[in-house]
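The values are calculated or read from the model by the stated rules, or taken from the named source; none is laboratory data. Everything quoted here is computed from the prediction, not taken from an experiment. Virtual Cβ from ideal backbone geometry, glycine too; neighbours counted across all protein chains shown. These accessible areas exclude ligands, DNA and RNA; they are computed on the full protein's heavy atoms, side chains included. Shrake-Rupley method; radii C 1.70, N 1.55, O 1.52, S 1.80 Å.
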Amino acid sequence: RFGHLSMDQLYRLFLTAKQWEVPRLAALCERQIKIRLSIDSVLPLLRISAAEPRAESIQDACKQFFLANYQACTNLQECEALDPRLLCELMRLNTAKAASPMATAAPGPPMAPSATSPSSPQVIHSSGSAPQLATSPGARSKAGQSPQACEESSWPATLDHAQALPPSTLAQDLKRLLTEELAPDFEVVVQDEVILVHKFLMVARSKYFETCILTSGMQESQEGRLVIDASWAMTAEEFRALLHFLYAGDEILRILAPHTAMYLVDASSFYGLTNHRLKHFCELCIKDSFNETHVLQLFEASSRLDVEGTQAVRSMALDFIISNFHTVCQQPALEQLDRSLLIEIMRGVADRLHPSPPHVQTVQLT
């Protein structure tokens, strides 16, 4: 994700994220900078971050790296360009580190001398380890030698300033556009209810809306408005649930109800969604919904909806209602069913309690 960015670009992106208060991006940039710190990059970064209050964490990481590789860093010509006050601070920190009773010599065997640089100093991390060194041709010491860059993969594990990334808020931020109706630019009318949405997101998430919005000859594209036909068996409640998935993804699991899942199970195909996660969530919701609380809603929805596979769901729901009628009949939702559905349940219960006797053929005596 950040591999094509230079250290200078990462640093500028870090400052921009700080300025615009995007903490997750700032943390990602900071982590990448710390991972990629090397003998070549530490001094330029140390110099430009010294006067930037927002880059205090970067400055501290550079100081830590400098102290861990004090001899290699001080041999660089770039060291002479540092501010005198910063140089004094680094010398004091190194003196305090050397005088500390906890200070220990860097462990690990010395490296084998290089054929091109027999006296190149070791570069160690803050933990004291001395990883294998890689030649850094861009950095030149006063003696004309090439100090080595530290191995990137070992540095972040030893950072004292390493921190957990802030949690992602992308789904919540996009959902806020929907719930607070921030800068909408398109209308969808469902059951005479006008729902405000955003073109960029509808186009990105749905092939159906992409066609409606981007095709110049379409009436919807010209008017900025789409009317959902009443014959599509889509209510305003179900369409808002669909929008919840389009904007916030997996957060729909928090609000998805079985009767809503019946309407949305086929939405992935009909609206040309970019993935089939919604269909998967709906199928799981329906499968887990055969209980006294939700089965009546599921039975009603499957009776009204002409979607492939709903008749099998309807039969299973009806069988569950009949088999568990002694508990299902206590649910308030029973009184809200249509008369035809109530009669179907009543007949099913009657057949279960009083099976029809076998037909008896009568014989007339003469």
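Would you call ALA241 of a type in the set (A, V, I, L, M), at pLDDT 90 or above and either touching a Leu at 6+ places or on another chain (Cβ under 8 Å) or surrounded by fewer than 14 Cβ atoms within 10 Å (Cβ to Cβ) (or both)? Answer is yes for this residue.
In this entry, MET262 passes the filter for residues that are surrounded by 13 or more Cβ atoms within 10 Å (Cβ to Cβ) and closer than 22 Å to ALA317 by Cβ.
Selection of first residues in the stretch 69-91 that are hydroxyl-bearing (Ser, Thr, Tyr) and of second residues that are assigned to a helix (DSSP H, G or I), restricted to Cβ pairs under 6 Å at least 6 apart or on distinct chains, gives the following pairs, ordered by first then second residue: TYR70/ASN94. One residue stands out in the stretch 289-310 among those that are at pLDDT 80 or above and among the charged types (D, E, K, R): the one that is surrounded by the most Cβ atoms within 10 Å (Cβ to Cβ), namely GLU300. Filter the stretch 194-213 down to the residues that are part of a strand (DSSP E or B) and within 23 Å of the chain's Cα centre (by Cα), then identify the one that is farthest from PHE245 (Cα to Cα). Taking the candidates together, the pick is VAL197.
In summary, helices (runs of 4 or more DSSP H) completely within the stretch 1-80 and bearing 1 or more residues that are within 30 Å of THR95 (Cβ to Cβ) and among the β-branched types (Val, Ile, Thr) occur at 23-36, 39-49, 56-68, 70-74. Counting only residues that are buried (at least 18 other Cβ atoms within 10 Å of the Cβ) and at pLDDT below 90, the stretch 267-280 holds 2 of them. Considering (1) in contact (Cβ under 8 Å) with a residue 24 or more places away in the chain; (2) under 24 Å from ALA233 (Cα atoms), the lone condition that ASP185 does not fulfil carries the number (2). No other residue among ILE252, ILE321, ILE286 is open to solvent by 10 Å² or more (accessible area, probe 1.4 Å), in a helix (DSSP H, G or I) and touching a residue at least 24 places away in the same chain (Cβ under 8 Å) apart from ILE286.
When SER216 is tested against (1) free of Cβ contacts under 8 Å to residues at least 12 places away in the same chain; (2) assigned to a helix (DSSP H, G or I), only condition (2) is not met.
Do the conditions hold for VAL313, that is, is it β-branched (Val, Ile, Thr), farther than 16 Å from ILE286 by Cα and either surrounded by 17 or more Cβ atoms within 10 Å (Cβ to Cβ) or at pLDDT 85 or above (or both)? So VAL313 fails the test.
State whether the residues of the stretch 60-76 include one that is under 21 Å from SER168 (Cβ atoms), modelled with pLDDT of 90 or more and not hydrophobic (A, V, I, L, M, F, W, C).
Within the stretch 60-76, none of the residues are under 21 Å from SER168 (Cβ atoms), modelled with pLDDT of 90 or more and not hydrophobic (A, V, I, L, M, F, W, C).
Scanning the stretch 219-232 for residues that are surrounded by 15 or more Cβ atoms within 10 Å (Cβ to Cβ) and either assigned to a strand (DSSP E or B) or among the hydrophobic types (A, V, I, L, M, F, W, C) (or both) yields LEU226, ILE228.
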